[in-house]
1. Using helices alone, I'd like the mean residue ellipticity at 222 nm for the chain: each DSSP H run of four-plus residues gives -39500 (n - 2.57), total over residue count, nearest 500.
2. Compute the Rg to Rh ratio over the range 1-81 from the alpha carbon atoms, using the Kirkwood formula for Rh, and round to two decimal places.
3. What residue among 49, 67, 11 has its Cα farthest toward the positive end of the dipole of the chain, where the charges are +1 on Lys, Arg and -1 on Asp, Glu, each on the Cβ?
4. With a cut-off of 15 Å, note down the residues of the range 61-81 whose backbone N falls inside the zone around a label point 7 Å from the Cα of residue 14 toward its beta carbon.
5. Can you work out the PRE-style zone for residue 38? Point 7 Å along Cα to Cβ, and I want the residues of the range 57-82 with backbone N under 14 Å.
6. Averaging sequence separations of C-alpha pairs under 8 Å and six or more residues apart, then dividing by the length of the chain, give the relative contact order as a whole percent.
7. Nearest 20 debye, what's the magnitude of the dipole of the chain about its Cα centre given +1 on Lys and Arg Cβ and -1 on Asp and Glu Cβ?
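Every read-out reported here was derived from the displayed coordinates using simple, explicitly stated rules and does not represent laboratory data. Note that the structure is predicted; figures quoted are calculated from it, not measured. Cβ atoms come from the backbone with ideal geometry, glycine included; neighbour counts cover every protein chain shown.
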Amino acid sequence: MPSDMQLPRRLRKLWKVKIQDREALYEEPHVTIWRKDRKWRYSLRNHCFLDPQPDPSEVADEIVDLIEAQLDELCRQRDERFPQNPVAGEEDENGE
């Protein structure tokens, strides 16, 4: 079952933010943002959009701000669901 992020009522009418159940293990950990039939993937690891299309500028800044504000909880939920590919699993050569 997907895990939905709680959004304020005024945003819930247009937007959804979820951690999907059926992610490929090699995919970068992310949440999926929905608006009608459009989807964007937002990286929990690198704090950026993963795809150039649809245009990330179409996502309300408030949605991204809410994701960032709830990042610790989203990462915890994501790691619980996919322990084989934790959010903090990829480190660069400097160990960061």
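1. For the chain, the value works out to -6500 deg cm²/dmol.
2. Taking Rg over the Kirkwood Rh, I get 0.92.
3. 11
4. Residues passing the 15 Å test: 61-66.
5. Those under the cut-off are 57-64.
6. Relative contact order for the chain comes out at 21 percent.
7. Dipole of the chain, to the nearest 20 debye: 940 debye.
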